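Asks: The structure is given below, and queries will be raised subsequently.
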Protein chains: 2
Amino acid sequence: MNSWVDPKIVSKARRDKAKLVFDRFEEQQPQCVFGLGDVCCKNCFQGPCRIIPGKQEEGVCGANADLIVTRNLLRHVAAGTACHTDHAKEVLLALLKISEGKTKSYPIKDKEKLFFVARKLGLKTFGKSVKQVAKSVVLEALEEFRRQEGLLKQREGLTLNWFKVRANKERMKAWSKLDILPVNADAEISHALHQTTMGNDADPVNVLLSVLKLGLVDGFAGMSLATDVQDIIFGTPYLTKSTANLGVLKKDWVNIIVHGHLPLLSEKVLEWSRKMGLHAKKVGAKGINVVGMCCTGNELLMRQGVPMAGHVMQQEMALVTGAVDATVVDLQCIYPSLQDIASCYNTRLITTIDFVKIPGALHLPFEVENADRSAKKIIKEAVKAFQKRKGKNVLIPEKVSELYGGFSVEAIKTLLSKLDKKNPFKPLINEMKSGNVLGIVAVVGCRNAKLRGQAFQEELTRILIKNNVLVVGTGCWAHAAAQADLMNPRAVKLAGDGLKHFLEKVGEANGLEALPPAWHMGSCVDCSRIGALFTQLSEASNTSLPDLPIACSAPEYMAEKSLAIGVYFLDLGVTTHVNPALSIKGSKIATRVLTKDLEKLVGSRVIFGSTPETAAKKIIGVLKSKRNL
Amino acid sequence: MNSWVDPKIVSKARRDKAKLVFDRFEEQQPQCVFGLGDVCCKNCFQGPCRIIPGKQEEGVCGANADLIVTRNLLRHVAAGTACHTDHAKEVLLALLKISEGKTKSYPIKDKEKLFFVARKLGLKTFGKSVKQVAKSVVLEALEEFRRQEGLLKQREGLTLNWFKVRANKERMKAWSKLDILPVNADAEISHALHQTTMGNDADPVNVLLSVLKLGLVDGFAGMSLATDVQDIIFGTPYLTKSTANLGVLKKDWVNIIVHGHLPLLSEKVLEWSRKMGLHAKKVGAKGINVVGMCCTGNELLMRQGVPMAGHVMQQEMALVTGAVDATVVDLQCIYPSLQDIASCYNTRLITTIDFVKIPGALHLPFEVENADRSAKKIIKEAVKAFQKRKGKNVLIPEKVSELYGGFSVEAIKTLLSKLDKKNPFKPLINEMKSGNVLGIVAVVGCRNAKLRGQAFQEELTRILIKNNVLVVGTGCWAHAAAQADLMNPRAVKLAGDGLKHFLEKVGEANGLEALPPAWHMGSCVDCSRIGALFTQLSEASNTSLPDLPIACSAPEYMAEKSLAIGVYFLDLGVTTHVNPALSIKGSKIATRVLTKDLEKLVGSRVIFGSTPETAAKKIIGVLKSKRNL
């Protein structure tokens, strides 16, 4: 299997005595088999307990493997969900400040989406200013975190408002039947911890239902809310061209990597980098080169066409180039190792969020009220660091890939509307009906050191498109696919005939050679865009979500967030492949429910497959079984 | 060291092939050393990672021992806190329904406390009905779970309302200085999960500050809120006499054990057991005998004088007697093993809460709206089970201990007021000043299988009272102390002269031989009562909490709740002993901060001590160091 790891960078790291994620992974071998199977429990201090079939089948309290495995899963999903709901709240509170005039640093770029959301929420917009509408949307959105049983607002039900914006009736019915409609995002997350403490739920199926409930919290009060609000503030992405790979760093420029997940920070750093070029030139640089890492990279690519430096596992390697003057981070997926690496080179590591500090890094708190001032400070620090680096040797990989990104649902509709203005999705649905396009698969998620540099994501994507499957995706997959040139129109040559023909047809209608066969739909939080795409296709084709030829794969997932996202897709009725295999094998009940019974509950199931070939075969099997479009 | 384990019951369990918690504990030996040290991390799926000093000092992401240990601690405390805030919400929503007339099953027994709380919250009560005041209190209390940054109600600040009810100014200042005042209980708990996911906070001190913040959530939006609301509904406890130990079961009676934590259920079961005696007599029983297990036992003892059957580790042994017809559980500390044991005997295990199910048990959902109907159903099930059991052999231990309980702060004040009507605390403070009473120690918490049946709690209590330390406590300690006859006035003979004299003086003034030297202050959630007692003593003596000769000990803690409670005491400035030792030794920073630097932050620290003697010595040392009363 191919690898995406640049051997020159790895050698340089060795020479520089910079320890990389791969090194730490090998050091950790062999990993604990109980931990790997999630059959150990630390939920009370009579433990830790571990299950050994036939020998010790119960923890001290009496919890068996089924209970331990499902409880651990619920806690993982709760933690993942908390990341997205906190993210949503962060941008929501920014929109509140914008709407109240408490910050002038941010615009409201997509008024159309603001009014769309307001209408979906049943809010009056007539005669109101943009800021007034924004504030009323924020207040409805904050209800996701304020709603309490027993305190019923007349106009709302007892579940998430964002269902009104993004869910369809058929799904709502299925979730309601299972009694998994959440009341309040934070309360459900907190409750999951309660449910899983020693001496509460002993029913593994009950625990799994809470897992499904948190998937809805994640998808709607987390990801969809975050994406919608970010689009309102920063604009909805449209087709854009850019470049990817570590080669986007430039030797004689002030290189700033923005890394993390919140566009609130990175958009401002970008803006001020464009205004402060003179500062850089004064110290002998050719200018300021802001490039994006991880999902911040995806956000900036989607809306601003900013080059994508690399995915989560390249965050250290980027510094090893010796060319990065500042890495500015907000939250999530920031390796704690980063300061150790930064200190091997001339890189200034700047943390900006009060609950994401790294000892040794420079902490410059980033506040929405003073966003401009904070961004300017950051740029100045980077320029200072460049002065120290200037003239020293760097090793920037040569390869730079070209890509097209920006495939929001709105962008996709705009592109497709060139074939059918009235029913933009119709041409795609027709191709799926005929089987020319076998289906759509969302490939999402992280990179995981367990794969030891394998290119599972790229291989899987290649096999799928070869089999006429349109691939859409987000997160670190997007970096991987871009670097493998799969987001380039020229990649249609790798696609099966049916898919190729379709992509060329839409491409030509839009003045392009073709559309790429792998569509970049955004950051990991933008899995909501994929959910929205699938939901809208379901409505446009009058086919329920579980009956659509769609599937999902997280072939190299690593973060707890990924599990939450996976459950969201399962809730949507989308069968989901994961690799590494979920740690549920120790529990017969969890295995049966998630890989089988779930079909009856929400119309989807979990599938495994530890090579791109086996994964692709199973996924294609799922698509082929859904031909009643 | 003595043991509280009844060997006859254990032998019977062996004969009946009923596996007990001790058996499972031995089966689990040896326990994982990484888990024991909390130096393993499963917060992402590149792991599990474990720290081996000198060999593998970092997880795959770069997290070191300091980070892994503190993150694990924060997650434990978050889970423990969630138990108490959920508990508070449960009774709060009941009070809402009562105030809105949606249930007629519950009274508002303590109107005085209701109005006290309302006044503290700054609510107008003049001319309002009890129900109106109750509703306004509920709305303010629910703000603990609704408050969002940026949405400021005029009358409130950005932190918990319950600080107004239960915190003093000096402490508020200390917490504010550390910037640990919580905004919203559920949001803080959820946020703690976010903070501890892979790639967020890498600063262990920052993580520890969040631990301190959650201690405040636990103490005020969890425990204090729950206790105050329960007192409002069910009445504030006053001195009451009762019995303890498994001997409270009665052979020819329908024996019902109520087990868990919520008085909403147990109060009703008790009420209907008193009304439905005839049902029992019809089937040949002498009557219905409701006894309490675990903290439900404490709640019923405190307010109703109901016999206390046993603590958390006796929940299985109670069933081994063969005399229990029904065990009715609500939530928390319900061993998942209970149904296995129940099925060895004739016991009907009845679960009542939707997120606390046990496969095989009878689930009768308990709803506040239909509390009476639910309670009647439960009694009928127990009577049915008695019919099957009738005539079969039982083994009920003979020993029954007499105790006095019901030491709410109000009860204590009433007792002391017989010595000084105007300043009830003055006599106690004077004794503490003179050193006749060396200080007050709260002994709280669970029983833990790791102690293999030792009587650490009882031994520690004995040593302390012998050294003139007044012992107050809650939770499973209360069962242990009662069973060891330490809550009996006759136990004053075990006390040092100063303490003995004081207890006799107050006792005589109240028409008793003496007060017991160990005061039962309630269930584990009632650690809030201890906090309130300490706070009021601080105010009455014009001495800051950290300067008072008080301390806390959780000598056999087991639940994640205990850690949250421990942090609450630390926040209050109360130095706290824990055993088993906290799993922080792997982290130099956590060890230094919690056992040392914390003094500078909140005026308290964590102490260890793995025998009653060493623990007592250290605790007494703390009390002796605080003589500036």
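The values are calculated or read from the model by the stated rules, or taken from the named source; none is laboratory data. Predicted, not measured: the structure shown is a model, and the values here were computed from it. Backbone-built Cβ (ideal geometry, glycine too); neighbour counts: all protein chains shown. Calculation scope for accessible area: heavy atoms of the full protein, side chains included, ligands and nucleic acids excluded. Shrake-Rupley method; radii C 1.70, N 1.55, O 1.52, S 1.80 Å.
Asks: Shape of the stretch A:1-143 from its Cα gyration tensor (a ≥ b ≥ c, root eigenvalues): rounded if a/c is under 1.5, otherwise prolate when a/b > b/c, or oblate?
Replies: oblate
Asks: Additional query: When only the heavy atoms of the protein chains count and the probe is 1.4 Å, how do B:THR327, A:THR595 rank by accessible area, highest first?
Replies: A:THR595, B:THR327
Asks: Please work out whether the stretch A:450-569 counts as rounded, prolate or oblate from its C-alpha gyration tensor, where a ≥ b ≥ c are the square roots of the eigenvalues and a/c under 1.5 means rounded, while otherwise a/b larger than b/c means prolate and anything else oblate?
Replies: oblate
Asks: Could you list the square roots of 5 times each eigenvalue of the Cα gyration tensor of the stretch B:367-467, that is, the equivalent ellipsoid semi-axes, sorted largest first and rounded to whole Å?
Replies: 41, 24, 14
Asks: Over all distinct Cα pairs, what is the inverse of the mean 1/r for the stretch B:485-550, reported as the Kirkwood hydrodynamic radius in Å?
Replies: 13.2
Asks: On a C-alpha basis, how far is the centre of the stretch B:178-194 from the centre of the stretch A:288-312 in Å? Whole number, if you could?
Replies: 31
Asks: Give me the one-decimal Kirkwood hydrodynamic radius in Å for chain B, with the sum taken over alpha-carbon pairs.
Replies: Result for chain B, one decimal place: 24.9 Å.
Asks: Taking N as the number of residues in the stretch B:62-234, what value does Rg over Cα atoms divided by 2.2 N^0.38 Å take?
Replies: It is 1.13.
Asks: For B:SER434 and B:LYS169 in one chain, what is 0.36 nm times their gap in residues minus the Cα-Cα distance, to one decimal in nm?
Replies: Extra length available between B:SER434 and B:LYS169 comes to 92.7 nm.
Asks: In debye, nearest 20: dipole of the stretch B:458-609 around its Cα centre with unit charges on the Cβ of K, R (+) and D, E (-)?
Replies: The calculation lands at about 460 debye.
Asks: On average, how many beta carbons from a partner chain sit within 10 Å of the beta carbon of a residue in B:85-92?
Replies: Mean shielding count: 3.
Asks: Moving on. Which order do peptides A:299-307, A:449-457 fall in by mean Cβ count within 10 Å, highest first?
Replies: A:299-307, A:449-457
Asks: Set the bar at 22 Å for Cα to Cα. Now go through A:LYS8/A:LYS399; A:LYS55/B:LYS17; A:LYS89/A:LYS113; B:LYS241/B:LYS561; B:LYS251/B:LYS384; B:LYS596/B:LYS624 and name every pair that lies beyond it.
Replies: B:LYS241/B:LYS561
Asks: Report Rg/Rh for the stretch A:376-534, rounded to two decimals, where Rg is the Cα radius of gyration and Rh the Kirkwood radius.
Replies: My calculation puts Rg/Rh at 1.08.
Asks: Further question on the same structure: Enter the Cα centre distance for the pair the stretch B:406-471 and the stretch B:562-596, rounded to the nearest angstrom.
Replies: 22
Asks: If you don't mind, there's one more thing I want to ask. If contacts are Cα pairs under 8 angstrom and at least 6 residues apart, what is the relative contact order of the stretch A:504-629 in percent?
Replies: With pairs under 8 Å counted, the relative contact order is 24 percent.
Asks: Under a Cβ-only charge scheme (Lys and Arg +1, Asp and Glu -1), can you give me the dipole magnitude of the protein assembly as shown about the Cα centre, in debye to the nearest 20?
Replies: Once rounded to the nearest 20, the dipole reads 980 debye.
Asks: At 1.4 Å probe size, with no ligands or nucleic acids counted, give the accessible surface of A:TYR106 in Å², nearest ten.
Replies: 20
Asks: Okay, next question. Place a point 7 Å from Cα of B:LEU364 in the direction of its Cβ. Which residues in the stretch B:317-348 have their backbone N less than 18 Å from it?
Replies: B:324-331, B:339, B:342-343, B:346-348
Asks: Ranked by accessible surface with a 1.4 Å probe, highest first, in what order do B:GLU112, B:GLU27, A:GLU508 come?
Replies: The residues order as B:GLU112, A:GLU508, B:GLU27, largest area first.
Asks: Right, another one. With contacts defined as alpha carbon pairs under 8 Å and 6 or more residues apart, what's the relative contact order of the stretch B:235-293 in percent?
Replies: The value is 46 percent.
Asks: How many angstrom lie between the Cα centre of the stretch B:321-381 and the Cα centre of the stretch B:230-256?
Replies: Between the Cα centres of the stretch B:321-381 and the stretch B:230-256 lies a distance of 18 Å.
Asks: Now for a different question. Which of the three applies to the stretch B:246-389, rounded, prolate or oblate, going by the alpha-carbon gyration tensor with a ≥ b ≥ c and a/c under 1.5 meaning rounded?
Replies: Since a/c stays below 1.5, the shape of the stretch B:246-389 is classed as rounded.
Asks: Tell me the volume per residue, in Å³, of the convex hull enclosing the alpha carbons of the protein assembly as shown.
Replies: 164
Asks: For peptide A:27-40, compute the average count of partner chain beta-carbon atoms within 10 Å of each residue's beta-carbon.
Replies: 5
Asks: Sticking with this structure for a sec: State, to one decimal in nm and shortest first, how far the label point of A:LEU364 sits from each corresponding label point in the other identical copies (label point: 7 angstrom along Cα-to-Cβ).
Replies: For A:LEU364, the inter-copy label distances come out at 6.6 nm.
Asks: Indicate, rounded to the nearest 5 percent, the antiparallel portion of the DSSP beta bridges found entirely in the protein assembly as shown.
Replies: If we restrict to bridges inside the protein assembly as shown, about 25 percent are antiparallel.
Asks: In chain B, what percentage of the DSSP-assigned beta bridges are antiparallel, given to the nearest 5?
Replies: Given both bridge residues lie in chain B, the antiparallel proportion sits at roughly 25 percent.
Asks: Determine, for each peptide in A:269-277, B:262-270, the mean count of other beta carbons within 10 angstrom over its residues, then list the peptides with the highest first.
Replies: Ranked from most to least packed, the peptides come out as B:262-270, A:269-277.
Asks: Roll a 1.4 Å probe over the protein heavy atoms and report the accessible area of B:THR125 in Å², nearest 10.
Replies: Here the accessible area works out near 30 Å².
Asks: Give me the inter-chain shielding for A:349-359: mean count of other chain Cβ atoms within 10 Å, whole number please.
Replies: 5
Asks: Any idea what the B:LYS104 label distances to the other copies are, label 7 Å down the Cα→Cβ vector, nm, shortest first?
Replies: Listed shortest first, these distances are 6.3 nm.
Asks: How much of B:ILE620 can a 1.4 Å solvent probe reach, expressed as accessible area in Å² and rounded to 10?
Replies: 20
Asks: How large are Rg and Dmax for the stretch A:488-629 when only the alpha carbon atoms are used, in Å?
Replies: Here Rg and the maximum Cα pair distance are 16.3, 54 Å.
Asks: Once the label point is set 7 Å along the Cα-to-beta-carbon vector, what list of distances in nm do you get between B:MET172 and its counterparts in the other copies?
Replies: 4.4
Asks: In addition: Where the eigenvalues come from the Cα gyration tensor of the stretch B:520-586, what are the semi-axes √(5λ) of the equivalent ellipsoid, largest first, in whole Å?
Replies: Equivalent ellipsoid semi-axes, largest first: 23, 14, 9 Å.
Asks: Nearest 100 Å², what total accessible surface is buried between chain B and chain A (probe 1.4 Å)?
Replies: Roughly 8000 Å².
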